[in-house]
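The values are calculated or read from the model by the stated rules, or taken from the named source; none is laboratory data. None of these values were measured; they are calculated from a predicted model. Please note: Cβ atoms are built from the backbone with ideal geometry, for glycine as well, and neighbour counts cover all protein chains shown. SASA here: full protein model, heavy atoms, side chains in, ligands and nucleic acids out. Shrake-Rupley method; radii C 1.70, N 1.55, O 1.52, S 1.80 Å.
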Amino acid sequence: MRKDNFRVSVIVPAFNEEGCILLLVERLLKILQRYFDYEILFIDDGSNDGTLQLLKKVHSENPKINFLSFSRNFGHQSALRAGTLHASGDCIISLDADLQHPPELIPDLIDHWKEGYDIVYTIRKDDRKISFFKKITGWIFYKAMNLISDINFEQGEADFRLLDRNAAAELNNLSESAVFLRGMVKWLGFKQIGITYVPDERVWGGTKYSKRKMFGLAISGITGFSIKPLRISTLIGVSIAFLSLLYGIYALYIKFFTNNSIEGWTSVFFMVTFIGGIQLIMIGI
């Protein structure tokens, strides 16, 4: 069991969320004021609305509410990482500013942490309001991740989680350039447990995650936590190079023992396929 006089850090990435900030702060304060000490750290991810001005206002009213301000939009994962690097709490909780991650779940996260878990992650329970496209692409993504990586992901895992100070320190030591925190946190190990939640309605604005950003995040996850794609590249390269050699032998047979050869075409085809196979082998290596 962990001590009771601990400090809670809540990190909140925010990009153009001016309509959510004050309500989120109000709900967070109702929860966090029951604990010994706390801080709320917003990361303004290059917002071009009134988000930054609101963060300055709430900071002036409550010094326990702080913020970082990016020079431009670097993305949700980078904002989460910056928050984890600057948070000072004994446990660090991350959630989105749009209030789809219910702050009222924070006491449950902390209770599991006090029981001895180093990482408490959340699993979104799908509801009918999620589009069919998002459901099917999410299902494909998690299936692909579990198939090609050595990490087991649960369907619906979210970036709403609690990290113990030691787990956060190890996460901060990782030097990944393509940040995919769900995979990085899973890869860390430690004692982990997941709890389910039902996402709340977005209270203001629209999603900031475009299909292009979701696709980029999926590619970062798939390529960052498995060497199987590289092994597949090597195997394909070996296969192509081997088949091109067989074809070269066949082409020589046609050239010298039949009258069916076409001048020039065979050599070009052989060299293109053989060199392509060698390139794939070298990529894999």
> How far is helix 228-257 tilted off the main Cα axis of the chain, in degrees rounded to 10, range 0 to 90?
Replying inline: 10 degrees
>> With just the Cα atoms defining each centre, how far is the stretch 63-89 from the stretch 1-53? Give it in Å.
In response: 11 Å
> Among LEU85, LEU235, LEU23, which one moves the most in a GNM of the chain with springs linking Cα atoms closer than 10 Å?
Replying inline: LEU235
> Gain in length, PHE269 to ILE236, computed as 0.36 nm per residue apart minus the alpha-carbon separation, to one decimal in nm?
Replying inline: 10.1 nm
> Label ASN166 and LYS56 with points 7 Å out from Cα along Cα→Cβ: what is the distance between them in nm?
Replying inline: 4.2 nm
> If you work out Kirkwood radius over Cα pairs in Å from the coordinates, which of (1) 19.0; (2) 20.7; (3) 21.7 do you get?
Replying inline: (3)
> Nearest 0.05, what FRET efficiency do THR258 and LYS135 give at R0 = 45 Å with Cβ-Cβ as r?
Replying inline: 0.20
>> Can you compute the helix-only [θ] at 222 nm over the chain? Use -39500 (n - 2.57) per DSSP H run of at least 4 residues, normalise by all residues, nearest 500 deg cm²/dmol.
In response: -16000 deg cm²/dmol
>> Per residue, how large is the accessible surface of the stretch 148-193? Use a 1.4 angstrom probe and give square angstrom.
In response: 43 Å²
> For the Cα atoms of the chain, what angle does the longest principal axis make with the long axis of helix 21-32, in degrees from 0 to 90, nearest 10?
Replying inline: 70 degrees
> Quick one: if the Förster radius is 25 Å, what FRET efficiency do GLU115 and PHE36 give, using the C-beta to C-beta distance and rounding to 0.05?
Replying inline: 0.90
>> My understanding is that a pair violates if its Cα-Cα distance is over 22 Å; which of LYS143/LYS228; LYS3/LYS125; LYS191/LYS228; LYS114/LYS191; LYS3/LYS56 do that in this structure?
In response: LYS3/LYS125; LYS191/LYS228; LYS3/LYS56
> Once the piece of chain linking ASN48 and ILE195 is laid out straight, how much longer is it, given 0.36 nm per residue of separation minus the C-alpha distance between them?
Replying inline: 49.5 nm
> Tell me, in nm to one decimal, what length is gained between ILE123 and ASN173 on full extension, where the rule is 0.36 nm per residue of separation less the Cα-Cα distance?
Replying inline: 15.4 nm
>> Springs between alpha-carbon pairs under 10 angstrom, Gaussian network model over the chain: which of LEU174, LEU52, LEU163 fluctuates most?
In response: LEU174
> How much area per residue is accessible in the stretch 17-105 when the probe is 1.4 Å and only protein heavy atoms are counted (Å²)?
Replying inline: 42 Å²
> Carbon and sulfur together cover what percent of the accessible area of the chain at a 1.4 Å probe radius?
Replying inline: 60 percent
> Taking the chain as a Gaussian network, Cα atoms linked when under 10 Å apart, which of SER239, SER69, SER78 shows the biggest mean-square fluctuation?
Replying inline: SER239
> Just how large is the dipole of the chain about the Cα centre, in debye to the nearest 20, putting +1 at every Lys and Arg Cβ and -1 at every Asp and Glu Cβ?
Replying inline: 600 debye
>> Quick check: the angle from helix 76-86's long axis to the longest principal axis of the chain, C-alpha only, nearest 10 degrees?
In response: 50 degrees
> For the charge dipole of the chain, defined by +1 on Lys and Arg C-beta atoms and -1 on Asp and Glu C-beta atoms about the Cα centroid, which residue among ASN73, SER9, SER244 has the Cα displaced farthest towards the positive pole?
Replying inline: SER244
>> 5 Å is the cut-off here: which amide hydrogens, built 1.01 Å from N in the peptide plane, fall below it relative to CYS91, excluding neighbours closer than 5 in sequence?
In response: ARG7, SER9
> Tell me, Kirkwood radius of the stretch 1-148 from alpha-carbon pair distances, in Å?
Replying inline: 16.6 Å
